[in-house]
1. May I ask you to list the residues in region A:157-176 that are within 12 Å of another protein chain (Cβ to nearest Cβ) and closer than 18 Å to residue A:196 by Cα?
2. Any residue at all in region B:55-65 that's surrounded by fewer than 20 Cβ atoms within 10 Å (Cβ to Cβ), outside any helix (DSSP H, G or I) and not aliphatic (A, V, I, L, M)?
3. Would you confirm whether any residue within region A:192-199 is among the β-branched types (Val, Ile, Thr) and either touching a helix residue (DSSP H, G or I) at 6+ places or on another chain (Cβ under 7 Å) or in contact (Cβ under 8 Å) with a residue 40 or more places away in the chain (or both)?
4. Here's a check for you: in region A:131-151, which residue that is at pLDDT below 80 and more than 13 Å from every other protein chain (Cβ to nearest Cβ) is surrounded by the most Cβ atoms within 10 Å (Cβ to Cβ)?
5. Please state which one of B:259, B:212, B:295 is free of Cβ contacts under 8 Å to residues at least 24 places away in the same chain and of a type in the set (Ser, Thr, Tyr).
6. When residue A:52 is evaluated against the numbered criteria (1) at pLDDT 90 or above; (2) aliphatic (A, V, I, L, M); (3) touching an Asp or Glu at 6+ places or on another chain (Cβ under 7 Å), which criterion, by number, is the only one it fails?
7. Determine whether residue B:121 is assigned to a helix (DSSP H, G or I), free of Cβ contacts under 8 Å to residues at least 24 places away in the same chain and within 25 Å of residue B:261 (Cα to Cα).
Amino acid sequence: MTERVLELTGLNKWFGPVHALKDIHFSLNRGEVCALLGDNGAGKSTLIKLIAGAEQIEDGQLLIGGEKVPTHRYSVQQARQLGIETVYQSGSLGEQQSVWRNLFLGRHFRNRLGFIDYKEERRQAAQLLKALDFRGVGANIDAPVSSLSGGERQGLAIGRAMLFDARVVILDEPTTALSVGEVEKVLCFIETLKSQGRACLLITHNMNDAYRVADRFVVMDRGSIVAEYRKSQMTQSSLQLALLDAVGRGA
Amino acid sequence: MNTFMLRHRVPVLTAFILVALWGVFTVSSPDTFLHGRIYISFMSTIPFTAMLAFALTLLIIAREIDMSFPAVVALGGFVFSAIFQATQSPLLALGGAITAGLVCGILNGILVVYFRIPSIIATIGTQFFLGGLTTVLADGLALSIPQVRDSWIHTLMVGRIAEVVPAQVLWALLMVFLLWLLLSHHVFGDNVNFIGDNPTAARMMGVPVERTRLLLFMLMGAMSALVGVFVSLEMSSWWPNQGQGYMLLVFASVFIGGTSVLGGRGTLMGTLFGACIIGILEAGIISAGLAGFWTRLIYGVTILVSLMIHSMLLKQHMGSWRRLLFNKV
């Protein structure tokens, strides 16, 4: 029996007169990697922002771990507390801050008065980054993020999700603008997340990457989910054709 | 370089500039700089600049700025003096002044956070507005409050400890300690640093960006009004353009102290030393026998040289990180 960690039903989103998401039904299972595919403007980013708590959910239901979440109060803070971590394309990191401090951005070990236990944080960060065995990141956790490469930054952001034991990790184009070797590292990280039983929702334009790590492909077009495929049903080339067909529909 | 020096290079360097400057002044005019009197005078004036600069440092680390604080200093001093004159109650007067400062901060915060006006523009606007408001309220006249000298608040805030040390020194040190706790050990300060570094990332990670900005403007407002109270107590009087002299001194203190105008980087210790540098400059220049005309020129040179040194140090530092990480030269 697969365990459903995230479920969205009847989700709609408007930006003024624009109907950005139209009656979305979507779910994620434990240990599953789902790739969200579609053209620019299809609503992929809006969808992950709603799940991440970065945009307000106005219409529709959100269930996390089988429990209904009151959407009017849903925020990034709450999403993270419920185990949803997001790795953004631009790397949601503070450039001048050190590697280890970035791991705890927005979510600190603190006492009731709000004072932070930096010592403990640094110790845990060192442990995690050593375990990740990510050479650049692990080498000097006191270095500023500005000294890291693109892949190392993604690794750091993914490490953040592991540190807080996220149930769902959302990755927004994690391999864009990375070199081949770095893409490989990031894909390995996604595989690690999966093997740890976390669910991943991946946005990408790169079919190779998507096919390599994802179990399921959800295709969006103009605010709707228009197709859904399992990896077991498809070869990479048939997926590519199906995708072209799906987003071309109604054109 | 050991880790302490590396981590605290900016305040250490600023302290070094301060000591060097002091050395030059002591050699050029030993009569002035080897006697206690000048230091008493420094201790009575520098704390006011420093307290304003501490609050401004936090704001600038968060990539915001406040051009309106001189007007808030004047307003705070006015509210304090007017209420004290009317009621003779120091507590009421102090409470009124701080409240006025907080309200000014909220006004700036609302303009920046909710109307999304860049803070440099919004606070230029509020500077005129608040300055004008104060002048209208005061009818353009100064207030004299000589009775305040007999009040406990005078002793507490600007009295002379052991008849020598001005109490405001201790207040400034207390402020820098509290704000340092906030900046370096509290989640609020962590948020301030991240917001200045990358506001988008901070927001995406759930940092309450808007609330933090609003609180920073409120802190700046309250601190400015408090300094207005300090100055009015020290002088036992208030006059309409009381805060105006602080604008450049305070900004210079912050930037000499190594805080980056680009945000995300700054230290309160640097600002403290920066305020001391600015504070001893004028006395040093005048007692060296140079005419008052030289003051601004030497201010300018000091500021520029400090900025260049900070900038060079930073680049060098980035280089050493690169070496550490990738073994490249």
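The values are calculated or read from the model by the stated rules, or taken from the named source; none is laboratory data. Every value quoted in this text rests on a predicted model; they were computed, and no experiment measured them. Don't worry about glycine lacking a Cβ; one is built from the backbone with ideal geometry, like all the others, and counts go over all protein chains shown.
1. Step one: list which residues in region A:157-176 are within 12 Å of another protein chain (Cβ to nearest Cβ), which gives A:157, A:160-161, A:164, A:170, A:172.
Selection gives A:157, A:160, A:161, A:164, A:170.
2. Looking only at region B:55-65, we keep the residues that are surrounded by fewer than 20 Cβ atoms within 10 Å (Cβ to Cβ), and these are B:63.
Cutting the leftovers down to outside any helix (DSSP H, G or I) gives us B:63.
This time we only want the ones that are not aliphatic (A, V, I, L, M), so: B:63.
Yes.
3. Going residue by residue through region A:192-199, those that are among the β-branched types (Val, Ile, Thr) are A:192.
Next cut, either touching a helix residue (DSSP H, G or I) at 6+ places or on another chain (Cβ under 7 Å) or in contact (Cβ under 8 Å) with a residue 40 or more places away in the chain (or both) only: none.
No, region A:192-199 contains no residue that is among the β-branched types (Val, Ile, Thr) and either touching a helix residue (DSSP H, G or I) at 6+ places or on another chain (Cβ under 7 Å) or in contact (Cβ under 8 Å) with a residue 40 or more places away in the chain (or both).
4. Residues of region A:131-151 at pLDDT below 80: A:131-140.
From what is left, the residues that are more than 13 Å from every other protein chain (Cβ to nearest Cβ) are A:131-133.
Working: A:131: 11, A:132: 18, A:133: 8.
Filtering first and then ranking leaves A:132.
5. Working: B:259 fails: free of Cβ contacts under 8 Å to residues at least 24 places away in the same chain; B:212 fails: free of Cβ contacts under 8 Å to residues at least 24 places away in the same chain.
B:295 is the lone residue from the list that is free of Cβ contacts under 8 Å to residues at least 24 places away in the same chain and of a type in the set (Ser, Thr, Tyr).
6. (3)
7. Values: assigned to a helix (DSSP H, G or I): yes; free of Cβ contacts under 8 Å to residues at least 24 places away in the same chain: yes; within 25 Å of residue B:261 (Cα to Cα): yes.
Yes; evaluated as a whole, the condition is true for this residue.
Residue-by-condition table, conditions (1) touching a strand residue (DSSP E or B) at 6+ places or on another chain (Cβ under 7 Å); (2) over 22 Å from residue A:236 (Cα atoms); (3) not small (Gly, Ala, Ser):
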position: A:143; (1), (2), (3): yes, yes, no
position: A:149; (1), (2), (3): no, yes, no
position: A:159; (1), (2), (3): no, yes, no
position: A:183; (1), (2), (3): no, no, yes
position: A:202; (1), (2), (3): yes, no, yes
